[in-house]
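The values are calculated or read from the model by the stated rules, or taken from the named source; none is laboratory data. This one's a predicted model, so the numbers in the text were calculated from it and none came from an experiment. Glycine also receives a Cβ, built like all others from the backbone with ideal geometry; neighbour counts cover every protein chain displayed. When the accessible area is computed, the model is the full protein with side chains, heavy atoms only, and any ligands, DNA or RNA have been set aside. Shrake-Rupley method; radii C 1.70, N 1.55, O 1.52, S 1.80 Å.
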Amino acid sequence: KLFKWVSGSTVDRFVVLAMDSACDAEGEPNPATTAWIADNDFIAELAAAHPALLFGASIHPYRKESLRLLEKAIARGACLVKWIPSAQRIRLDDPRCIPYYDLLAASRIPLLVHTGPEHVSSRGRNHWNDPALLIHPLKRGVSVVAAHCGARMFLHERSGFRTFCGLALDYEHLYGDLSAF
């Protein structure tokens with residue numbers, strides 16, 4: 001069905017996004033805290049089967065073999081890595097992310113990060129989606145795409161849009177995604 005839709009579209013290329021599981025403090029996948037996953041291998045195979053599809057990987061940086069898995073994804077054609085920090089329980093300021101950031105920067109693979117409130121799978125950790133935390137991958141030279149630019153959906157929610165704007169003025173390799181607007 002996806003191939004039929006893509007083939008009939010006037011858009012040239014689409015990124016299909018994987019979604020890794022949440023991990024515990026030891027770097028083990030934690031099904032109890034994972035709302036949903038989209039397997040990297042499945043998404044890579046989908047992308048390989050249609051020329052208009054690109055592979056968007058998702059590998060949790062706390063996994064014990066995260067760097068090997070990231071190298072594997074890059075070798076399979078990953079054009080970016082996607083994280084939803086609040087849903088995957090990823091702290092962007094965690095020191096375990098530094099080698100991951102360095103590999104992303106060296107490989108010139110951007111990091112697509114959900115910013116701002118998330119309403120489906122975060123279970124109350126929306127403060128982990130604060131755009132201010134993007135400073136950590138940005139300082140390591142990673143090109144970052146801030147999904148939703150830290151904006152809120154509802155008026156009662158805290159907006160991180162101004163924080164995103166301030167970072168965007170300081171880091172030329174920070175981009176904002178407005179597709180959900």
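Condition check ((1) β-branched (Val, Ile, Thr); (2) touching a Leu at 6+ places or on another chain (Cβ under 7 Å); (3) open to solvent by less than 60 Å² (accessible area, probe 1.4 Å); (4) assigned to a loop (DSSP other than H, G, I, E, B)) across all residues:
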| site | (1), (2), (3), (4) |
| --- | --- |
| Ile59 | yes, yes, yes, yes |
| Tyr62 | no, no, yes, yes |
| Leu69 | no, no, yes, no |
| Ala73 | no, no, yes, no |
| Cys97 | no, no, yes, no |
| Ala106 | no, no, no, no |
| Gly116 | no, no, yes, yes |
Quiz prompt | Pick from segment 15-57, criterion within 23 Å of Asp93 (Cα to Cα) and charged (D, E, K, R), ranking: surrounded by the fewest Cβ atoms within 10 Å (Cβ to Cβ) | solution = Glu26
Quiz prompt | Restricting segment 146-181 to residues that are of a type outside the set (Ser, Thr, Tyr) and touching a Lys or Arg at 6+ places or on another chain (Cβ under 9 Å), the residue that is most open to solvent (accessible area, probe 1.4 Å) | solution = Arg158
Practice problem: Determine, yes or no, whether Lys82 is within 21 Å of Asn129 (Cα to Cα) and either at pLDDT 95 or above or part of a strand (DSSP E or B) (or both). | Solution: yes
Quiz item: So which pairs qualify, if the first residue must be in segment 45-56 and at pLDDT 95 or above and part of a strand (DSSP E or B), the second must be among the small types (Gly, Ala, Ser) and open to solvent by 30 Å² or more (accessible area, probe 1.4 Å), the Cβ gap must be under 7 Å, and the two must be at least 6 apart or on different chains?
Solution: Phe55/Gly77
Quiz item: Which residue out of Val113, Val120 is among the aliphatic types (A, V, I, L, M), modelled with pLDDT under 95, touching a helix residue (DSSP H, G or I) at 6+ places or on another chain (Cβ under 8 Å) and closer than 23 Å to Ile59 by Cβ?
Solution: Val120
